[in-house]
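The values are calculated or read from the model by the stated rules, or taken from the named source; none is laboratory data. Quantities reported herein were computed from a predicted structural model and do not represent experimental measurements. Note that we place each Cβ from the backbone using ideal geometry, even for glycine, and neighbour counts take in every protein chain shown.
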Amino acid sequence: MSDYIPSIGLEVHVQLKTRTKMFCACPAHEEGEPNTTVCPVCIGLPGALPVMNREAIRKTVKVGLMIGSRISLRSMFDRKNYFYPDMPKNYQITQQAAPLCIGGAVEIEAGGQRKTIRVNHIHQEEDAAKITHMETTSEIDFNRASTPLMELVTEPDMSSPDEAIAFLTALKEMLIYAGISDCNLELGHMRCDVNSSVRPSGTDKLGVKCEIKNMNTFKGIHRALEYELERQAETLRKGGTLVQETRRWDDEAGITLPMRSKEYAHDYRYFPEPDLPPVVLDAATVEAWRAELPELPAVRRARFVKDYGLPEYDAGVLTADKAISEYFEAAAKKSKNFKAVSNWVMGELLRALGEKGQGIADAKISPEALAALVALVDARTINMPAAKDVFQVLFENGGDPAAIVKEKGLAQVSDAGAIDGFAEQAIAANEKVAAEYRGGKEAALMFLVGQVMKLSRGKANPQLAADALRRKLGK
Amino acid sequence: MAMKFSENADRMDVRYVAGLARMALSDEEAARLQGQLDDILAFVGELKTLDVSGVEATDVATEARNAWREDEPAAGLGRDTALANAPLARHGQFVVPKVIE
């Protein structure tokens, strides 16, 4: 699409990981029987008064601190008025005029290019109830109603579907690192309204914006954007005009469709929520929250490259998941061979976890055991195939690698006398190959090393075997 | 689409506001309420004649701050009580006329 330049902005709703709801003490994130975690506040009974969850405010402020927002020391709640049975008060409590966090930015990398995506603001609000549409009626479950949400609104700084996904991925990593949210998309922890427009190449003014509401998979967002940007550009190419509208994504058909305007109010008549006084934070509290922030993924990635001499690629794989990065670091601290530890974690460990569908928390192999396994290989006590066997035992049952090596008799034969014996046998049984080697065919040695390995039932140290063979063959 | 209300508009269209509130008005009601709405706005509009350049904006009428609590769960209503006044309930859910997505 070189004739049109896309601009994409996102409104990301994230359910915060709190024990209770935003404005009442009902347990949050309960997936149990419908309407079992409800009270007068979250089902919107008249006269019920909201009381803020301080932990939700703390978590939203921490997100602002992570992305460099200006934290509002005084913020306010507003009422967003609309009629829909998922919100029986007929308004959502949200923040419009004075949100908690203003500005900020997230660094992304897409297609090998680094880019800064500016954030307009982050505000605090409450989730709506869950509606199930039946044949002739709709059924409403208020367990989800008033779950704490933060909404992060970006500037229209992304210019491709890939950049939008890179932004969401970076944000998700960050939120999981800091324990803000589990960001489980299948459970609806992260939902997105996607704004997009196109403008002719060589012009500056943003085109007419279309909003795709309520997207809940990264794949869906990518596909919807690909479709939508092409639709807009094609409309303009044909000389048509675009209207600012709200659309929805039909995943099966793979198209976006305009939403009927009745489904979507255009005038929410925001006004200050009279039931909640302002949120006033003092600078010392905000600074204390800042001190709680974890090392962020991008920072950790850079540190892994610097401190452990890892390639960028390794650092990226290891830090994509906070628990994996912590596991690596615990093992690396006990090891001298950081790259080998990285290889084991990225290779065997992630593969084994993937096969079992497990997380690192379930792994029986301790970081110390992995470091010890690396040391056994480096000391040539065991060779690589044996090390993989030991790994498998450690992964299934845990334990101490040295003990497993001993128990299974996997230690390499490094005893010079024994290896000499194997070398002599190998030469005697393969005179022709030995002669070729003596005649200058270097590759013939590998065959003889293989024979020594076979005679030793895989336990000979291949390096020592090669040395012994060379000696015996007079080189 | 009817005229929208904005803070600077001199007049608020009663039919537009009634539409947002899902209220049906007869012509006679609309005319009467439009007059009342105009009177109210004119009355409040008198504030515009005052010089408030040195006065800090007041967005709340209370001195209270931070109506918050710690993140400790407490028991709610219980499902039967919650549903007791619902005009219609089924499968433990509130039932309403079908709303189209």
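Count of the stretch A:439-453 residues, restricted to those that are surrounded by 13 or more Cβ atoms within 10 Å (Cβ to Cβ) and over 45 Å from the mean Cα position of the chain (by Cα), is 7.
Cβ separations smaller than 7 Å between residues 6+ apart or across chains give no pair from the stretch A:68-88 residues that are closer than 21 Å to B:GLY19 by Cβ and touching a residue at least 40 places away in the same chain (Cβ under 8 Å) to residues that are hydroxyl-bearing (Ser, Thr, Tyr) and loosely packed, with under 15 Cβ neighbours inside 10 Å.
Does at least one position in the stretch A:83-101 carry a residue that is among the polar types (S, T, N, Q) and out of contact with any Asp or Glu (no Cβ under 7 Å at 6 or more places or on another chain)? Yes; the residues of the stretch A:83-101 include at least one that is among the polar types (S, T, N, Q) and out of contact with any Asp or Glu (no Cβ under 7 Å at 6 or more places or on another chain). For the stretch A:395-416, a tally of residues being under 31 Å from the mean Cα position of the chain (by Cα) and assigned to a helix (DSSP H, G or I) returns 3. Checking each residue in the stretch A:102-143 for being touching an Asp or Glu at 6+ places or on another chain (Cβ under 6 Å), closer than 15 Å to A:ASN35 by Cβ and of a type in the set (Gly, Ala, Ser) picks out A:ALA128, A:ALA129. Note on the stretch A:117-230: enclosed strands (runs of 3 or more DSSP E) holding 3 or more residues that are of a type outside the set (A, V, I, L, M, F, W, C) and within 14 Å of another protein chain (Cβ to nearest Cβ) are A:130-133, A:137-141.
For (1) touching a His at 6+ places or on another chain (Cβ under 8 Å); (2) in contact (Cβ under 8 Å) with a residue 40 or more places away in the chain; (3) farther than 18 Å from A:ASP162 by Cα; (4) surrounded by fewer than 17 Cβ atoms within 10 Å (Cβ to Cβ), each residue gets a yes or a no:
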residue	(1), (2), (3), (4)
A:GLY207	no, yes, yes, no
A:CYS210	no, yes, yes, no
A:MET215	no, no, no, no
A:LYS219	no, no, no, yes
A:TYR227	no, no, no, no
A:ARG237	no, yes, yes, yes
A:GLY240	no, no, yes, yes
A:ARG247	no, no, yes, no
A:ALA253	no, no, yes, yes
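Restricting to the stretch A:13-55, count the residues that are part of a strand (DSSP E or B) and either facing chain B (nearest Cβ under 7 Å) or buried (at least 23 other Cβ atoms within 10 Å of the Cβ) (or both).
Residues of the stretch A:13-55 that are part of a strand (DSSP E or B), as a first pass: A:13-15, A:20, A:27, A:52-53.
So of that shortlist, the ones also either facing chain B (nearest Cβ under 7 Å) or buried (at least 23 other Cβ atoms within 10 Å of the Cβ) (or both) come out as A:14-15, A:20, A:27, A:52-53.
Number of matching residues: 6.
Yes/no matrix, rows are residues, columns are (1) assigned by TED's automatic domain parsing to the domain that holds A:GLY357; (2) without any contact (Cβ under 8 Å) to a residue 12 or more places away in the chain; (3) within 29 Å of A:LYS356 (Cβ to Cβ); (4) surrounded by fewer than 21 Cβ atoms within 10 Å (Cβ to Cβ):
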{"residue": "A:GLY398", "(1), (2), (3), (4)": "yes, no, yes, yes"}
{"residue": "A:ILE404", "(1), (2), (3), (4)": "yes, no, yes, no"}
{"residue": "A:GLU424", "(1), (2), (3), (4)": "no, no, no, yes"}
{"residue": "A:ASN430", "(1), (2), (3), (4)": "no, no, no, yes"}
{"residue": "A:VAL433", "(1), (2), (3), (4)": "no, no, no, yes"}
{"residue": "A:TYR437", "(1), (2), (3), (4)": "no, no, no, no"}
{"residue": "A:GLN463", "(1), (2), (3), (4)": "no, no, no, yes"}
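Considering only the stretch A:111-134, I want to know if a residue exists there that is modelled with pLDDT under 95 and in contact with a helix residue (DSSP H, G or I) (Cβ under 8 Å, 6 or more places away or on another chain). Scanning the stretch A:111-134, I find at least one residue that is modelled with pLDDT under 95 and in contact with a helix residue (DSSP H, G or I) (Cβ under 8 Å, 6 or more places away or on another chain), so the answer is yes.
Of all the criteria given as (1) at pLDDT below 95; (2) exposed (fewer than 11 other Cβ atoms within 10 Å of the Cβ); (3) facing another protein chain (nearest Cβ under 7 Å), the one not satisfied by B:GLU70 is (1). Listed conditions (1) farther than 25 Å from A:GLU292 by Cβ; (2) more than 27 Å from the chain's Cα centre (by Cα); (3) without any contact (Cβ under 8 Å) to a residue 60 or more places away in the chain; (4) away from chain B (no Cβ under 12 Å) are all met by A:GLN95, apart from (1). Against the condition more than 30 Å from A:VAL51 (Cβ to Cβ) and either touching a residue at least 40 places away in the same chain (Cβ under 8 Å) or not in a loop (DSSP other than H, G, I, E, B) (or both), how does B:PHE43 come out, does it pass? Judged against the criteria, B:PHE43 is a match. Restrict the check to the stretch A:153-166 and report whether at least one residue is surrounded by 19 or more Cβ atoms within 10 Å (Cβ to Cβ), of a type in the set (D, E, K, R) and more than 30 Å from A:VAL41 (Cβ to Cβ). Looking for residues that are surrounded by 19 or more Cβ atoms within 10 Å (Cβ to Cβ), of a type in the set (D, E, K, R) and more than 30 Å from A:VAL41 (Cβ to Cβ), one finds at least one in the stretch A:153-166, hence yes.
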